[in-house]
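Okay, so here's the structure we're looking at.
The values are calculated or read from the model by the stated rules, or taken from the named source; none is laboratory data. The shown structure was predicted, so the numbers you read here are calculated from the model rather than taken from an experiment. With ideal geometry, Cβ positions are generated from the backbone for all residues, glycine too; neighbour counts draw on all protein chains shown. What goes into the accessible areas is simple: the full protein's heavy atoms, side chains included, and nothing from ligands, DNA or RNA. Shrake-Rupley method; radii C 1.70, N 1.55, O 1.52, S 1.80 Å.
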Amino acid sequence: MEWANDKSKGGVLAHLERLETQMSRSCKNLEDPPRETAESDLGTKIHKLRCLRDKLRAEVKQRQARIKASTASAEPDQTLEISEQEAVGGKEENMKAILQAYRFTGLSGKRTSRGVCVCISTAFEGNLLDSYFVDLVIQKPLRIHHHSVPVFIPLEEISAKYLQTNIQHFLFCLCEYLNAYAGRKYQADQLQRDFAAFLAGPLQRNSLYNLLSFTYKVEPQGRSFPFCARLLYKDLTTTLPTDVTITYQGTDASSTSWEEQRASHENLFFTKPLHQVFTSFARNGERLDMSLVS
């Protein structure tokens, strides 16, 4: 009787254990879905995320295209203005570099509210002469606001050729014209001031000092016949004449010695400044006087 009861108890306990095990398995199956179902759900989420990504990319591209189109259509003037400002800034930097490079050649300048004022100081044979200024407005196109260049210097012609294309060549060319003009004027002034005794009348010249004519004597005491000189400077950037005409007057003017002297005078005027030519005349006269005394 007791053995039967133990057997019955053992059977009930085992049965309970089996039920508990089955319930645990059932709960686990409920908590963990099948692998195929989980993979299917994950694939659906990935697909949705990819679609969202593609949609966002498309919207970004459309917005960038709209911004680019509106910038191109609504702000062309602003873009052009920026490019022009950059060009003007480049010209200002170029101008400063040119003035720095030429500071020892008589060319200097300073900044102004409009651009730059360039000063050109002329010189001849180491003598400082007149100075001239050109007030430039740095904009597009470049233009001259004020200047003190003489009216007979072809400033407009030089500007038309070089101002917009090569500012350095414009300044260099203008310096050539002004220095040559100042040099020719200096020679004429020296002749009238230091060698007036050799002149047999007034020195005639035009405003450019590129045409000079005068009558002179080799010996200031008046023992020689006078010569008539006509000097023409066709090249306005030079200080020596391109054409020289010397004639002489007097009853013995046809002699060979006078012709030789005339030819030598022409050669002197071609190769030396005016005051140097008359300096040589003065030295020759001094030697002649010493020979007469002896």
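Restricted to the stretch 245-270, and to residues there that are open to solvent by less than 70 Å² (accessible area, probe 1.4 Å) and part of a loop (DSSP other than H, G, I, E, B), the residue that is modelled with the lowest pLDDT is A253. I need the full set of residues from the stretch 144-167 which are surrounded by 15 or more Cβ atoms within 10 Å (Cβ to Cβ) and either farther than 24 Å from S207 by Cα or of a type in the set (K, R) (or both), in order please. Of everything in the stretch 144-167, those that are surrounded by 15 or more Cβ atoms within 10 Å (Cβ to Cβ) and either farther than 24 Å from S207 by Cα or of a type in the set (K, R) (or both) turn out to be Y162, L163, I167. Run down P226, P273 and say which single residue is modelled with pLDDT of 95 or more and open to solvent by less than 40 Å² (accessible area, probe 1.4 Å). Checking each option against the conditions leaves just P273. Remark: pairs (first residue in the stretch 171-197, on the phi > 0 side of the Ramachandran plot; second residue in a helix (DSSP H, G or I); Cβ separation under 7 Å; 6+ apart in sequence or on different chains) are absent.
Listed here are the strands (runs of 3 or more DSSP E) enclosed by the stretch 84-168 that have at least 1 residues being at pLDDT below 90: 107-111, 115-124.
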